[in-house]
1. Give the residue list of chymotrypsin sites (Phe, Trp or Tyr not before Pro) in region 282-344 that are DSSP loop and have at most 14 other beta-carbon atoms within 10 angstrom.
2. Counting heavy atoms of the protein chains only and a 1.4 Å probe, report the per residue accessible area for region 316-390 as a whole number of Å².
3. What shape does region 335-389 have by the C-alpha gyration tensor, where a ≥ b ≥ c are the square roots of the eigenvalues, rounded means a/c under 1.5, and otherwise prolate means a/b greater than b/c and oblate the rest?
4. Calculate, in whole percent, how much of the Cα-Cα pair population of region 266-322 lies beyond 17 Å.
5. For region 1-153, what is the accessible area per residue in Å² when the probe is 1.4 Å?
6. How much length, in nm to one decimal, is gained on full extension between A318 and R298, taken as 0.36 nm per residue of separation minus their Cα-Cα distance?
7. Sum -39500 (n - 2.57) across every DSSP H segment of at least 4 residues in the chain, then divide by the residue count to get the 222 nm mean residue ellipticity, nearest 500.
8. How large is the Rg to Rh ratio of region 179-257 when both quantities use alpha carbon positions and Rh follows Kirkwood?
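The values are calculated or read from the model by the stated rules, or taken from the named source; none is laboratory data. A quick note: this is a predicted structure, and the numbers were derived from the prediction, not measured. Cβ: placed from backbone, ideal geometry, glycine included. Neighbour counts: every protein chain shown. Accessible surface areas use protein heavy atoms only, side chains included; no ligands, DNA or RNA. Shrake-Rupley method; radii C 1.70, N 1.55, O 1.52, S 1.80 Å.
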Amino acid sequence: MQLADKHEGTTTKAFAGLRVLDFSTTIAGPHCTRMLADMGAEVIKIETDGGETMRTRPPLRNGCSTAFGQLNVGKKSVVLDLKSEDGKEAVRRLAATSDILVENFRPGVMRRLRLDYDSLRQVNPRLIYCSISGYGQTGPSAELPAYAPVIHAASGYDMAHLAYQPGRNRPDYCGIYHADVVTGTYGFGAIASALYQRCVTGAGQHIDVSMLETMLSLTLTELQSSQFAVPPPPRPMFGPTETASGYVMITIASEKTFQALMGVIGRPDWVSDPRFATYAARRENWAELMDGVEIWSRQLSTDACLRVLGAAGVPASAYRSVSEALADPQLAHRQALSEVRDEGGSFQVLNLPFRMSGADTAPAKTVSVLGEHTDALRQEIGLADRTAIPPGKTAATS
């Protein structure tokens, strides 16, 4: 069966039967809950009557955002006014029937709404309540506003990255939000762990995920070198190697790789050369080593370099755009993309980057309209009167 043909009902979903209340917005929380939805959980996205921020982000077709769709495909949409008593009562009743709640408000918001973990565990002791925030739920920085670019700077990540850019002294601009995606993934892992623990204890718990600590986890080498004196090499160890038609990335990560590369460039004598014979020596003389590699690579096109390096087992790649990467036959083989639909038409989303032999991990086929499931869920919990939605609004148009 092709992955693109799989959907609920044809193959086991690992989290089938679980219900998730999703109060999250933008990227980190929605990424976490999209993963839960792909694994089969019923994810109920709670939105205001105006819809969450990402619904307006480009690309837009007929007013529908594919960026929103990428993060929220397969979720139900319910519109509630959390400042009203009706809205809060709806949340309490939904929480009583739910397994997981995910929120990424600034710490203190859910407590002021009386929808925090301590309040909701009174109606459901088995509830697993995941809070995602910039700095954690408590502490001197807890209530500071935070978005991914701020956390990149605060964690030291940006300055650590700058240290690998020779001749640069101004940090890079931020356009790719690592903190959001990785924090959402950590949240997903923590929730899966809490679900297993609940099988043993029968009790839910509160999960507190910090974006700051998430980004620090990406600076593994730098975290250690900040504690101990480790002189940097005179040239960053991994960077572009020039060819006759562009650049390639070559990674020398083992003795076997180093020896293979020396054979490729016609310098087998460098394997025993005191400047390069050990890792420590190579690190100290890295610039000289890579200058020698570029004498070879500049004579060949990028494609020719990659063919020779690949044949020798040396890890290497051209520098590709995302469009070029998406055209890779390997992704087609893995069926890494699925086609989904919203009111603007069809588009492709990335599947989860893992496959399971006993479970379907493909996303659902559609993105919900704002408020599409409000009526049905209010009726389920015994609140058929939709006073939580401002007069004149409807689920489909609010």
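1. Within region 282-344, the qualifying chymotrypsin sites (Phe, Trp or Tyr not before Pro) (loop, at most 14 other Cβ atoms within 10 Å) are Y319.
2. Spelled out: the 1.4 Å probe surface of region 316-390, per residue, equals 56 Å².
3. Because a/c hits 1.5 or more and a/b fails to exceed b/c, region 335-389 counts as oblate.
4. Considering region 266-322, 49 percent of its Cα-Cα pairs are separated by more than 17 Å.
5. Normalised by residue count, the accessible surface of region 1-153 is 41 Å².
6. Result for the pair: 5.8 nm of gain on full extension.
7. Calculated at 222 nm, the ellipticity per residue is -10000 deg cm²/dmol.
8. 1.19
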